[in-house]
Amino acid sequence: MKRDTQQVPFGYESLVEQRKGTLVFYDSFEHITDQELQVAAKAAVDLQFTKLVLYPLHEETVRRMSKEPVLSFHKREDRLHEWKREQGRSYITVEGLEGKRKKYTPIDSALRHISDVYPSPYFLYLTPEMANQFASFSSFEEWIVKLRLLLSAAPTRVHPRLEKYRHRWNVVGDVDSGS
């Protein structure tokens, strides 16, 4: 068995990867402004995530979750790609799974896909409304132990399951970059 030896100067310490994990912004992106996207990107940098994944929802998914009308998936996705190009940041990714499926995608399927493709640990960046919707799903308790939530603002009303797992989520302004 051949051994590769490396010579390093005295006192050398190998570089430890500072960035880790994936921050997933899961939303319809119908009402999300460029300013709110900037806040998410800044949170990804401040908290030293490897990736910021923008995960736009298909119209069918939005219709089942909230019943609100939205622009077509591709129009919202194109806007996100345009914003990403303007930013010129390589750590931002626009996930196109729902565009490929072209139908309703349960959040369980989306989270399984994210855990298969992107590095862990996983943080979901959600609006307070989306966090309450996520908490209302039966699979919430299964997923909340595998990931953490980062809310874009403090919720005015909190779903009972979200309150039960209060220790698994934070609001963006409450999180410091040291943790």
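None of the figures in this text is laboratory data; all of them are computed from the coordinates on show. Please read all numbers here as calculations on a predicted model, not as lab measurements. Backbone-built Cβ (ideal geometry, glycine too); neighbour counts: all protein chains shown.
Tabulated results
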| read-out | value |
| --- | --- |
| Matching option when the condition is over 17 Å from Ser28 (Cβ atoms), β-branched (Val, Ile, Thr) and surrounded by fewer than 16 Cβ atoms within 10 Å (Cβ to Cβ), among Val158, Val171 | Val171 |
| Within segment 102-114, tally of residues that are surrounded by fewer than 16 Cβ atoms within 10 Å (Cβ to Cβ) and part of a helix (DSSP H, G or I) | 3 |
| Breaking point among (1) closer than 16 Å to Phe25 by Cβ; (2) in contact (Cβ under 8 Å) with a residue 24 or more places away in the chain; (3) assigned to a helix (DSSP H, G or I), for His81 | (2) |
| Residues of segment 115-138 classified as touching a residue at least 24 places away in the same chain (Cβ under 8 Å) and either polar (S, T, N, Q) or part of a loop (DSSP other than H, G, I, E, B) (or both), total | 10 |
| Residues that are closer than 10 Å to Leu54 by Cα and in contact with a Lys or Arg (Cβ under 7 Å, 6 or more places away or on another chain), drawn from segment 67-99 | Ile92, Thr93, Val94 |
| Every residue from segment 84-101 that is part of a helix (DSSP H, G or I), surrounded by 14 or more Cβ atoms within 10 Å (Cβ to Cβ) and not small (Gly, Ala, Ser) | Lys84, Gln87, Leu97, Glu98, Arg101 |
